[in-house]
Amino acid sequence: MTELARMIATKAVSPVEVVRVHLDRIAGLHRDLRSYITVCDEAALAAARAAEAELMAGRGVGPLHGVPYALKDLYDTAGIRTTGGSRILGDRVPEADATVTRRLAQAGAILLGKLNMVEFAYGPEGLNPHYGHARNPWDRAVHRMAGGSSSGSGVAVAAGLAPGSLGSDTGGSIRIPSSLCGITGLKPTYGRVSRAGVLPLAWSMDHVGPMTRSAADCALMLRAMAGYDAADASTSVLPVPDYGAVLTGDLKGLRVGLLRGFFLDGAAPEVRATVETAARVLASAGAVVDEVNLEHMPHVGGASLAIVGSEALAYHAERLRTRAGDFDPDVARRLRAGAYVTGVQYVRGQQVRALVREEVDRALARRDVLLAPSTPIAAPTIDTRQVELGDGLSDVRTALVRFNRPFNLSGHPSCSVPCGFTAAGLPLGMQLVGRPFDEATVLRAADGWQRLTDFHMRHPVLG
Amino acid sequence: MNDDASDLDTLRRGARLAGFTWSDTELEEIRPMVMAGVRALHALEAAPIAEVEPTTRYRTV
């Protein structure tokens, strides 16, 4: 996106050409990849023509002027249906844009369409029986999970059907598809980006953020989206830095804590070895790497279940009473299970949340970022139910969210970046976790990593 | 929910308390998930949180 923005601003390429190339690619690959729910072809071309006219007239342009992107289909878009990946909202057309939709438009970005996702964002595999299961583009022979819930966001960026996208992350839904699809995804600090106009899964755990090809692109999108919003009481008044300005590539003296125990011990051997190698590469570039063990992590699963289960059911209770048959049966089962969480257990979850946040803060008191795998495995096939991890057998759902949920509970920013490939050619991701509202350091570390490696530059071969 | 949530009648009562009326088939479908959830929730009692005040503000700054 940074390169496209530069080329458009200098008139090296026309926004109309850029949009048309993406729409052609979507048309050619959509049926197979199922990454989009709605394609806004006419509106995107009209916006591109207007962007071109403004450029030719010499009017001032925003940082994303003429650059196309796509939205997970839970961001409200005025006049464009927003389904939440559900049949129940299949005809829902919002009257107003979500705050971030509006901010990206003000920055000049052009919306290509609305992306596939797990129904109501409740699931990490990336499956959707209503709009088709998004397909991981890295395996043409076998249908593998894209990861979720922002499955279409991961697939579209990886397959070149959008240079950037937005996802949302309640238990890893930005970082899991970023890891499985080989792209870069940032879950910002809770309160950094407005959630107004974004369909919720669990209010206190939901984060929205960019999914792109590089940390530099995430920095560009985040700057345009972040900041206080009167429509979302959780947003902070802290000023939004120029994230792009801190991407110096300098890793000298960066203090990195490699998360062992729950994280590295739980990863499949191939993932563990890849992240350990990444830590050595960072150290060779001047980073100061040590090892950390977060002892309260085994309580994260129960706490997340108590909080997300309760909040998700509270939001969907009426639909579950009146439209139960229209839900994805798997999503309906997960929502129903939330009815068995007691009030005391919800509070226990919030107590654990305080404990986890304090522990992560303590680990970051003497370090700039923490390093861990994003997922313990590469993309499984869509019929996979159980996987072998470093510390035993796990159901695939628990495995995919395992390394992500701690930072939804704690609210710390975390960026997933590609860090290698399996022997079978599937991408692997690692996450860099930073202090609250210090996305600048997280992105600096991610960008520094990407200047040392080329994993984020590789793309799947598609027809 | 107690440890004996595997009992269908307990599931039925739990659903009613939460304001839902689900069929026995629907309850049977969620029974394994509820059981796993109950185990995870009970494990929270082992967390060192007796003196920890629950989070009430999700944004730190």
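The values are calculated or read from the model by the stated rules, or taken from the named source; none is laboratory data. Everything quoted here is computed from the prediction, not taken from an experiment. Positions of Cβ are backbone-derived with ideal geometry, glycine not excepted, and every protein chain shown enters the neighbour counts. Heads up: the accessible areas ignore ligands, DNA and RNA and are worked out on the full protein's heavy atoms, side chains in. Shrake-Rupley method; radii C 1.70, N 1.55, O 1.52, S 1.80 Å.
Observations on the model:
- Kirkwood Rh in Å, taken over the stretch A:78-130 so that all alpha-carbon pairs contribute: 12.3
- Reach of A:Lys187 by Cα under 29 Å, taken over lysines that are not fewer than 8 positions away in the same chain: A:Lys72, A:Lys114, A:Lys252
- Candidates A:Gly253, B:Leu11, A:Gly182 compared by Cα position along the dipole of the protein assembly as shown: farthest toward the positive end lies A:Gly253, with charges placed on Cβ.
- Each label was represented as a point 7 Å from its Cα along the Cα-to-Cβ direction; for B:Arg39 and A:Ala233 these points are 3.9 nm apart.
- Applying 0.36 nm per residue to the separation of A:Thr422 and A:Asp250 and subtracting their alpha-carbon distance, the gain on full extension is 59.1 nm.
- For chain A, the mean residue ellipticity at 222 nm estimated from helices alone is -12000 deg cm²/dmol, where every DSSP H run of n ≥ 4 contributes -39500 (n - 2.57) and the total is divided by all residues, rounded to the nearest 500.
- Fully extended contour minus Cα-Cα distance, from A:Glu295 to A:Ala317, at 0.36 nm per residue: 4.4 nm
- FRET efficiency estimate (nearest 0.05) - Cβ-Cβ, A:Arg92 to A:Arg333, R0 25 angstrom: 0.60
- Assuming charge only on the beta carbon of Lys and Arg (+1) and of Asp and Glu (-1), the dipole of the stretch A:29-98 about its Cα centre is about 200 debye to the nearest 20.
- Lys/Arg +1, Asp/Glu -1 at C-beta; the stretch A:25-145 dipole; positive extreme among A:Leu55, A:Gly85, A:Leu104: A:Gly85
- Each Lys and Arg adds +1 at its Cβ and each Asp and Glu adds -1 at its Cβ; summed about the Cα centre, the stretch A:17-166 shows a dipole of about 200 debye.
- Solvent-accessible area per residue, Å², over the stretch A:330-402 with all protein chains present [probe radius 1.4 Å]: 35
- Whole-Hz couplings from phi, Karplus 6.51/-1.76/1.60, listed for the stretch B:16-24; x for Gly and Pro: 5, 4, 7, x, 10, 10, 10, 5, 4
- Cα gyration tensor category, rounded, prolate or oblate, for the stretch A:375-456 with a/c compared to 1.5: oblate
- Using the Cβ-Cβ distance between A:Asp391 and A:Ala283 with R0 set to 25 Å, the FRET efficiency from 1/(1 + (r/R0)^6) comes to roughly 0.45.
- Projecting the Cα atoms of A:Gly126, A:Ala141, A:Leu115 onto the charge dipole of the stretch A:87-148, computed from C-beta unit charges around the Cα centre, puts A:Ala141 farthest toward the positive end.
- Remark: the protein assembly as shown carries a charge dipole of roughly 760 debye about the Cα centre, counting +1 on each Lys and Arg Cβ and -1 on each Asp and Glu Cβ.
- Put A:Arg362, A:Arg336 in order of accessible area, highest first, and with a 1.4 Å probe you get A:Arg362, A:Arg336.
- Per residue Cα convex hull volume in Å³ - calculated over chain A: 131
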